[in-house]
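**Q** If you scroll down you'll find the structure; I have some questions about it.
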Amino acid sequence: MAWIIAIELLCNYIAQHMKILVTGSAGHLGEALVRTLREAGRQVIGLDVKESRFTTVVGSVDDRAVVRQCMAGVDTVYHAATLHKPHVATHSKQAFIDTNVSGTLALLETACANEVSAFIFTSTTSVFGDALRPPVGQPAAWLTEEVEPIPKNIYGVTKTAAEDLCQLFHRKHGLKSIILRTSRFFPEEDDDKLKRDKYSDDNAKANEFLFRRVELEDAVNAHLAAAERAPALGFGKYIISATTPFRTADLEGLNRDAPAVVQRLFPRYADVYRAKGWAMFEKIDRVYVNEAARSDLGWQPKYDFDYVLSCLESGEYPRSRIARLVGSKGYHEQTFTDGPYPV
């Protein structure tokens, strides 16, 4: 019995002293990961081009000397650094390639050289692109990992290319790599002016938990679960979004009369929304499905539409502690008159 306890203590000691690299440590997800890992007593190196309380090294993922410095002694990499969709109108296509593709390549090559145990890449459901939009009058799109991405901008193209690099390094070099296609978790307003004009920000975000949003705490937990399962899985791509209540039989109704479908599934929702002066989206044209992530990663997201309604009924808005701590960061130094960022 004593030797079992000794082995457990040794394993715990090793785990606590293994270094973890988080790229994009000044961003929403990066900061949340660093906060969570440090609270758990882990040694974390935060890499970002911006200074922050959670950034250990200021530098770019495209700078190989910086990457080599950060990767020394690292066992797990969470690669969350990226240029985002909001940067499409303000940054060059080359900048997207430098950060999202070349930066990922530099990290992958260095991770292999350092025999890293798990490489977790934060991708996006934006890679699906035009696969998200069914023709008018057709059922809503049912998005699983089997759907072929059709990127519609440089952001989607470079994230898809980075995913392919992760898969290549698994196939050719045996790197244990998990790709997480995260749906929306940012707190900023929607870039769609029509939506902003019609729905309050909290209203729109609550609606999105039905089909295209994930709470930041759940996104963090998905990354932690992916790192734990990476050695056994080897490789995988997973959609990370709140668990949808919809089924394929609901798709036709969703793209025609979404409130009727939601009312059938959640009879109490109308009263909850009426009390707040809120409204459901008239149509829902896509549904992200997280079944594979829950099955393979053992991920158990807490925030779904039923939980949202319960929070609203108790007078609270469904926002986790980590999301409140991280807050809103924005994507640009300047402000814009026509929205949170130019489109």
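**Q** Tell me, which residue of segment 202-223 that is surrounded by 19 or more Cβ atoms within 10 Å (Cβ to Cβ) and either in contact with a Gly (Cβ under 9 Å, 6 or more places away or on another chain) or aliphatic (A, V, I, L, M) (or both) is farthest from VAL289 (Cα to Cα)?
**A** ALA204
**Q** Same structure again: Scanning for something more than 20 Å from the chain's Cα centre (by Cα), among the hydrophobic types (A, V, I, L, M, F, W, C), surrounded by fewer than 21 Cβ atoms within 10 Å (Cβ to Cβ) and in a helix (DSSP H, G or I), does segment 47-60 turn up at least one residue?
**A** Within segment 47-60, not a single residue is more than 20 Å from the chain's Cα centre (by Cα), among the hydrophobic types (A, V, I, L, M, F, W, C), surrounded by fewer than 21 Cβ atoms within 10 Å (Cβ to Cβ) and in a helix (DSSP H, G or I).
**Q** Does any residue of segment 107-120 turn out to be surrounded by 21 or more Cβ atoms within 10 Å (Cβ to Cβ) and either of a type in the set (Lys, Arg) or closer than 22 Å to GLU215 by Cβ (or both)?
**A** Among the residues of segment 107-120, at least one is surrounded by 21 or more Cβ atoms within 10 Å (Cβ to Cβ) and either of a type in the set (Lys, Arg) or closer than 22 Å to GLU215 by Cβ (or both), which makes the answer yes.
**Q** So which residues in segment 156-175 are basic (Lys, Arg) and more than 19 Å from the chain's Cα centre (by Cα), if there are any at all?
**A** ARG171, LYS172
**Q** So which helices (runs of 4 or more DSSP H) are wholly in segment 154-267 and hold at least 3 residues that are among the hydroxyl-bearing types (Ser, Thr, Tyr)?
**A** 154-173
**Q** Given the conditions (1) on the phi > 0 side of the Ramachandran plot; (2) over 24 Å from the mean Cα position of the chain (by Cα), and given that GLY298 satisfies all but one, which numbered condition is not satisfied?
**A** Among (1) on the phi > 0 side of the Ramachandran plot; (2) over 24 Å from the mean Cα position of the chain (by Cα), the lone unmet condition for GLY298 is (2).
**Q** Of the numbered conditions (1) of a type outside the set (D, E, K, R); (2) in contact (Cβ under 8 Å) with a residue 40 or more places away in the chain; (3) more than 30 Å from GLN167 (Cβ to Cβ), ALA260 fails exactly one; give the number of that condition.
**A** Result: ALA260 passes all but (2).
**Q** Answer yes or no as to whether PRO301 is touching a residue at least 40 places away in the same chain (Cβ under 8 Å) and not charged (D, E, K, R).
**A** yes
**Q** Out of TYR269, TYR317, which single residue is within 23 Å of LYS198 (Cα to Cα), of a type in the set (Ser, Thr, Tyr), out of contact with any Ser or Thr (no Cβ under 7 Å at 6 or more places or on another chain) and without any contact (Cβ under 8 Å) to a residue 60 or more places away in the chain?
**A** Only one candidate qualifies: TYR269.
**Q** Any residue in segment 14-24 that is among the charged types (D, E, K, R), under 15 Å from THR82 (Cβ atoms) and at pLDDT 95 or above?
**A** no
**Q** Still on this structure: Mind listing just one residue for me: the one in segment 77-107 that is in contact with a Gly (Cβ under 9 Å, 6 or more places away or on another chain) and among the hydrophobic types (A, V, I, L, M, F, W, C) and, of those, farthest from SER123 (Cα to Cα)?
**A** Looking at residues that are in contact with a Gly (Cβ under 9 Å, 6 or more places away or on another chain) and among the hydrophobic types (A, V, I, L, M, F, W, C), I get ALA81.
**Q** May I pose another question? Would you confirm whether any residue within segment 189-201 is among the small types (Gly, Ala, Ser) and surrounded by fewer than 16 Cβ atoms within 10 Å (Cβ to Cβ)?
**A** Within segment 189-201 (the criterion being among the small types (Gly, Ala, Ser) and surrounded by fewer than 16 Cβ atoms within 10 Å (Cβ to Cβ)), the answer is yes, since at least one residue qualifies.
**Q** Still on this structure: How about segment 178-226: which of its residues are closer than 16 Å to GLY236 by Cα and without any contact (Cβ under 8 Å) to a residue 60 or more places away in the chain? Outline the logic, then answer.
**A** Initially, segment 178-226 is screened for residues closer than 16 Å to GLY236 by Cα, giving 178-182, 222-226.
ILE179, ARG181, listed by residue number.
**Q** While we're looking at this one, here's another question. Is segment 133-155 home to any residue that is at pLDDT 95 or above, under 16 Å from the mean Cα position of the chain (by Cα), surrounded by 16 or more Cβ atoms within 10 Å (Cβ to Cβ) and among the polar types (S, T, N, Q)?
**A** No: segment 133-155 contains no residue that is at pLDDT 95 or above, under 16 Å from the mean Cα position of the chain (by Cα), surrounded by 16 or more Cβ atoms within 10 Å (Cβ to Cβ) and among the polar types (S, T, N, Q).
**Q** Using the structure shown, decide if ASP63 is under 21 Å from ARG229 (Cα atoms), of a type in the set (D, E, K, R) and modelled with pLDDT of 95 or more.
**A** On the way: under 21 Å from ARG229 (Cα atoms): no; of a type in the set (D, E, K, R): yes; modelled with pLDDT of 95 or more: yes.
Here the answer is no, as ASP63 does not meet what is asked.
**Q** Taking the conditions exactly as written (of a type in the set (Lys, Arg), in contact (Cβ under 8 Å) with a residue 40 or more places away in the chain and buried (at least 19 other Cβ atoms within 10 Å of the Cβ)), does LYS85 satisfy them or not?
**A** Spelling it out, LYS85 is indeed of a type in the set (Lys, Arg), in contact (Cβ under 8 Å) with a residue 40 or more places away in the chain and buried (at least 19 other Cβ atoms within 10 Å of the Cβ).
**Q** Yes or no: TYR238 within 18 Å of GLU313 (Cα to Cα) and surrounded by 15 or more Cβ atoms within 10 Å (Cβ to Cβ)? Write out each step before concluding.
**A** Numbers: within 18 Å of GLU313 (Cα to Cα): no; surrounded by 15 or more Cβ atoms within 10 Å (Cβ to Cβ): yes.
No, not satisfied.
**Q** Across segment 28-79, what is the total count of residues that are charged (D, E, K, R) and closer than 23 Å to PHE186 by Cα?
**A** Going residue by residue through segment 28-79, those that are charged (D, E, K, R) are 31, 35, 38-39, 42, 48, 50-51, 53, 62-64, 68, 75.
Then drop every residue that is not closer than 23 Å to PHE186 by Cα, which leaves 31, 35, 38-39, 48, 50-51, 53.
The number of residues fulfilling the criteria is 8.
**Q** Examine segment 272-282 for a residue that is at pLDDT 95 or above, under 30 Å from CYS112 (Cα atoms), among the hydroxyl-bearing types (Ser, Thr, Tyr) and surrounded by 15 or more Cβ atoms within 10 Å (Cβ to Cβ), and state whether such a residue exists.
**A** Taking segment 272-282 first, the residues at pLDDT 95 or above are 272-282.
If we keep only those that are under 30 Å from CYS112 (Cα atoms) too, we end up with none.
No, segment 272-282 has no match at all.
The values are calculated or read from the model by the stated rules, or taken from the named source; none is laboratory data. Remember, it's a predicted structure, so these values are computed and weren't measured experimentally. Cβ coordinates were reconstructed from backbone atoms using ideal geometry, including for glycine residues, and neighbour counts include every protein chain displayed.
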